[in-house]
Amino acid sequence: MKKNKYIRFILAFYVSIIFLMCTFCTKKYTPEPTNQQPEPISTDILFIGHKGGGSNNFNPQFVENTLPSVIDGLKTLDGVEVDLQMSLDGTIWLMHNMDLNYIVCNDTSYHHCIVLMHDSVISKLKICNDTVQDRIYKLSELIDYWNASTNGFYISLHVKTDFPADTFNLIGSKDAYLQKMADNLGNTLSIINHPNHLFLEINYKPFCDRLRNKVSDIKFCYLSEGDFSQRIDSAITKNYNGISNSYSSTSVTVDAVQKAKDKGLFVQLWTPYYLDELKAAFKLHPSTIQTDNLSVKKELNIK
């Protein structure tokens, strides 16, 4: 009886040893992690920083349309968009707002605008974004920085024309202002090292014709907020190179954007910021997207 118990014990011992050996020898299955990022997307769409490197509303570290904001935006984007206004002295400055009340430091009573001011006054102004302080920059300062860059970056120049009518009355007329601005802009851009990287947004054909005589390599972009499909033929008739439009317009569709590109126009869309907006603009496949979101490439998982 004891012998049988001993034999059963020995058999159980060897079975356990064999089981353990098989367990260690068997290759265990390791499930694939479920949180892996998809492969980055390749695209030929250019991403441009709106108002330099993002407007004050979304980029509190800098004041919009300043050289520091441009330098910051270029860390993650392909280029920048800046707004142009001309002083009484004919100097072209970077400024979006018509009324400087919204940006001059600690002075909510300041209601002057660039087009009615002399350079001597503009150069002394301090502009703020909350606690961040800077000054107003000349376009020539940006162009000098751009020319000195090795490979260049893309610049979209937005010529501001939507001043109140009485503003232009104080200096003559809108036509006279824009003719002078085209000449002075031509002088500023007479020596540029990266001509194929320069766009200009405006809806005023005489300005484009005048500037084209001085700087032929600029891509002129028809600034439009009307029916996008109708603007395609109008842009071609007026000899524009592209169309600049809000991405959220119902007339801006994938087919309409492709139609414009098939006709040789580049398409610039503005201004998505949040992820769902960026995705919507990206799906339209324009040539460029203007945004205040400096993390756009990361959010869209773009190389």
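Taken together, the values in this text are just the output of simple stated rules run on the coordinates, not laboratory data. Just so it is clear, the structure is predicted and the values come from calculations on it, not from any experiment. Methodologically, a virtual Cβ is constructed for each residue, glycine included, from the backbone with ideal geometry; neighbour enumeration extends over all protein chains shown.
Which three extents, in angstrom, do the Cα atoms of the stretch 206-266 have along their principal axes, listed largest first?
Extents along the principal axes, in whole Å: 36, 21, 17.
Under a 5 Å amide H to amide H cut-off, with H placed in plane at 1.01 Å, what residues pair with I302 once short-range neighbours are removed?
Amide H neighbours of I302: I41.
In the structure shown, do any of K259/K297; K160/K297; K214/K238; K124/K214 have a Cα-Cα gap over 20 Å, and if so which? If you can, show how the numbers build up before the last one.
Details: K259/K297 26 Å; K160/K297 28 Å; K214/K238 18 Å; K124/K214 31 Å.
The answer is K259/K297; K160/K297; K124/K214.
Kirkwood-based Rg over Rh for the chain (C-alpha set), two decimals? All intermediate terms of the calculation are to be shown ahead of the outcome.
On the way: Rg = 29.5 Å, Rh = 22.2 Å.
Using only Cα positions, Rg/Rh for the chain is 1.33.
Using a simple charge model, +1 on the beta-carbon of Lys and Arg, -1 on the beta-carbon of Asp and Glu, nothing else, what dipole does the stretch 46-299 show about its Cα centre, in debye to the nearest 20? Working shown, then result.
Details: 23 positive and 29 negative charges, 119 e Å.
Around 580 debye, computed over the stretch 46-299.
Give the share of C-alpha pairs in each 10 angstrom bin for the stretch 199-303, from 0 to the last occupied bin, in whole percents, shortest bins first.
Spelled out bin by bin, the stretch 199-303 gives 15, 45, 29, 10, 0 percent.
Modelling each spin label as a point 7 Å along the Cα-to-Cβ direction, I'd like the D44/K263 distance in nm, to one decimal.
My value for the distance between the label points is 1.9 nm.
List the extent of the Cα atoms of the stretch 73-198 along each of their three principal axes, largest first, rounded to whole Å.
Answer, in whole Å and largest first: 42, 38, 23 Å.
Along the positive direction of the dipole of the stretch 46-299 (beta-carbon charges: Lys, Arg +1; Asp, Glu -1; about the Cα centre), which of W270, G54, I218 reaches farthest?
It is I218, whose Cα lies furthest towards the positive end.
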